[in-house]
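> Please read through the structure below; I'll follow up with questions.
The values are calculated or read from the model by the stated rules, or taken from the named source; none is laboratory data. Note that this is a predicted model, so its numbers are computed, not measured. Positions of Cβ are generated from backbone atoms using ideal geometry, with glycine treated the same way; all protein chains shown enter the neighbour counts.
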Amino acid sequence: MKKITIAIDGFSSSGKSTMAKDLAKEIGYIYIDSGAMYRAVTLYCLQNKLIEGNKINEEELKKRIADIQINFKLDPSTMRPVTYLNGENVENEIRRMEVSSKVSFVSAIPFVRQAMVAQQQAMGKEKGIVMDGRDIGTVVFPDAELKIFVTASPETRAQRRYEELKAKGEEVDYEEILKNVKERDYIDQNRDVAPLRQADDAILLDNGTMSLEEQKQWLLEKVMSFEL
Ligand code: DC
């Protein structure tokens, strides 16, 4: 059976992870959340006191980067992938605001990106993968057969994250989240290494007014044109 590589890039909280996860499940592909990898490195920095304010101890992080092992295992009860950092389940911790507010700084460091991209490319060697992130279609898998670039307004995306965090019982403030979303958009688009941008051959999806079901159908249609 023919297998392809599917790259889904876009702005934070644009719903690309949900979309990529559901698609992978539907077509029996592996799903990799590359943002979770940068979040796990950020959590590692926080746990090991390598971040103070917005300043990262790059020298120390560089020495340790090869020892930071990130992998994903399927949770058999939900059939959803769970992120592990050096053998520990960190799926919930990496979604907290403390990590969200630092992750753009960590993911802008060139040697961090180099290490993560190498791991991501190894994961996708056999194809049959859906990976979401910021640079999947441009840097990680520039030859991916299907590339999607997802967007929606900052307000829509902040509202989604607000509801997500509230449902998890976190104390959240909408204005703070909106500020964080805009800040991350700016940093993601303006960093020197692998900035967020739509690949020339990516299909644009603005899902601001789409239901999850509409989005799912839209995506499946694109995938099915490859006759997997
Ligand atoms: O998709 P997310 O919000 O979980 O991503 C977390 C952060 O990681 C985001 O601020 C940008 C960064 N990121 C990146 O630089 N490259 C990727 N391929 C994925 C995420």
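> Residues that are under 18 Å from the mean Cα position of the chain (by Cα) and of a type in the set (A, V, I, L, M): does the stretch 169-176 have at least one? Please lay out each step first, then the result.
Looking only at the stretch 169-176, we keep the residues that are under 18 Å from the mean Cα position of the chain (by Cα), and these are none.
No, the conditions are met nowhere in the stretch 169-176.
> For residue 144, indicate whether it is on the phi > 0 side of the Ramachandran plot, out of contact with any Pro (no Cβ under 8 Å at 6 or more places or on another chain) and among the small types (Gly, Ala, Ser).
Judged against the criteria, residue 144 is not a match.
> Looking only at the stretch 58-69, which residues are in a loop (DSSP other than H, G, I, E, B) and surrounded by 15 or more Cβ atoms within 10 Å (Cβ to Cβ)?
In the first step, residues of the stretch 58-69 are kept if they are in a loop (DSSP other than H, G, I, E, B); the result is 68-69.
Hit for the stretch 58-69 is 68, nothing else.
> May I ask you to verify whether residue 188 is in a helix (DSSP H, G or I) and within 16 Å of the chain's Cα centre (by Cα)?
Working: in a helix (DSSP H, G or I): yes; within 16 Å of the chain's Cα centre (by Cα): yes.
Yes.
> Closer than 21 Å to residue 7 by Cβ, outside any loop (DSSP other than H, G, I, E, B), of a type outside the set (A, V, I, L, M) and modelled with pLDDT of 90 or more - does that describe any residue in the stretch 161-181? Walk me through it before giving the result.
Filtering the stretch 161-181 for residues closer than 21 Å to residue 7 by Cβ gives none.
Within the stretch 161-181, none of the residues are closer than 21 Å to residue 7 by Cβ, outside any loop (DSSP other than H, G, I, E, B), of a type outside the set (A, V, I, L, M) and modelled with pLDDT of 90 or more.
> Then there is this: Evaluate the following for residue 30: is it under 30 Å from residue 211 (Cα atoms) and more than 14 Å from the ligand (Cβ to nearest atom)? Before the answer, list the steps.
Numbers: under 30 Å from residue 211 (Cα atoms): yes; more than 14 Å from the ligand (Cβ to nearest atom): yes.
Yes, satisfied.
> If you take just the strands (runs of 3 or more DSSP E) that sit entirely in the stretch 70-154, which of them hold at least 1 residues that are crowded, with 20+ Cβ neighbours inside 10 Å and near the ligand (Cβ under 9 Å from one of its atoms)? Reasoning before the result, please.
Values: elements: 70-75, 80-85, 129-133, 146-151.
Fully inside the stretch 70-154 and qualifying: 129-133.
> Right, another one. If the Cβ limit is 8 Å and pairs must be 6+ apart or interchain, which residue in the stretch 77-100 that is on the phi > 0 side of the Ramachandran plot pairs with which residue that is more than 12 Å from the ligand (Cβ to nearest atom) and among the hydroxyl-bearing types (Ser, Thr, Tyr)?
Final answer for the pair search is 86/44.
> Tell me which residues, restricted to the stretch 1-27, are in contact with a Gly (Cβ under 7 Å, 6 or more places away or on another chain) and either away from the ligand (no atom under 12 Å from the Cβ) or among the hydrophobic types (A, V, I, L, M, F, W, C) (or both).
Once the filter is applied, which keeps residues that are in contact with a Gly (Cβ under 7 Å, 6 or more places away or on another chain) and either away from the ligand (no atom under 12 Å from the Cβ) or among the hydrophobic types (A, V, I, L, M, F, W, C) (or both), the stretch 1-27 yields 3, 5, 7.
> Continuing with the same structure: Test residue 4 against the stated conditions and say whether it is under 16 Å from residue 136 (Cα atoms), surrounded by fewer than 23 Cβ atoms within 10 Å (Cβ to Cβ), at pLDDT 95 or above and in contact with a strand residue (DSSP E or B) (Cβ under 9 Å, 6 or more places away or on another chain).
Values: under 16 Å from residue 136 (Cα atoms): yes; surrounded by fewer than 23 Cβ atoms within 10 Å (Cβ to Cβ): yes; at pLDDT 95 or above: yes; in contact with a strand residue (DSSP E or B) (Cβ under 9 Å, 6 or more places away or on another chain): yes.
Taking the combined requirement at face value, the residue satisfies it.
> Next question, about the same structure. Could you tell me whether residue 37 is touching a residue at least 40 places away in the same chain (Cβ under 8 Å), hydrophobic (A, V, I, L, M, F, W, C), within 10 Å of the ligand (Cβ to nearest atom) and in a helix (DSSP H, G or I)?
Details: touching a residue at least 40 places away in the same chain (Cβ under 8 Å): yes; hydrophobic (A, V, I, L, M, F, W, C): yes; within 10 Å of the ligand (Cβ to nearest atom): yes; in a helix (DSSP H, G or I): yes.
Yes; evaluated as a whole, the condition is true for this residue.
> Note down all Cβ pairs under 7 Å where the first residue falls in the stretch 8-30 and is within 18 Å of residue 120 (Cβ to Cβ), the second is more than 12 Å from the ligand (Cβ to nearest atom) and among the hydroxyl-bearing types (Ser, Thr, Tyr), and they're at least six residues apart or on different chains.
10/151; 20/31; 21/31; 24/31
> Of the residues 175, 183, only one is farther than 28 Å from residue 30 by Cα, in contact (Cβ under 8 Å) with a residue 24 or more places away in the chain, out of contact with any strand residue (DSSP E or B) (no Cβ under 8 Å at 6 or more places or on another chain) and surrounded by fewer than 17 Cβ atoms within 10 Å (Cβ to Cβ); which?
Details: 175 fails: in contact (Cβ under 8 Å) with a residue 24 or more places away in the chain.
Result: 183 is the single residue among 175, 183 that is farther than 28 Å from residue 30 by Cα, in contact (Cβ under 8 Å) with a residue 24 or more places away in the chain, out of contact with any strand residue (DSSP E or B) (no Cβ under 8 Å at 6 or more places or on another chain) and surrounded by fewer than 17 Cβ atoms within 10 Å (Cβ to Cβ).
> Search the stretch 186-206 for residues being among the charged types (D, E, K, R) and in contact with a strand residue (DSSP E or B) (Cβ under 7 Å, 6 or more places away or on another chain), and hand back the single one that is nearest to residue 145 (Cα to Cα).
We begin by selecting, within the stretch 186-206, every residue among the charged types (D, E, K, R); these are 188, 191-192, 197, 200-201, 206.
Those still in the list that are in contact with a strand residue (DSSP E or B) (Cβ under 7 Å, 6 or more places away or on another chain) too: 201, 206.
Working: 201: 9, 206: 20 Å.
Applying the filter and picking the extreme gives 201.
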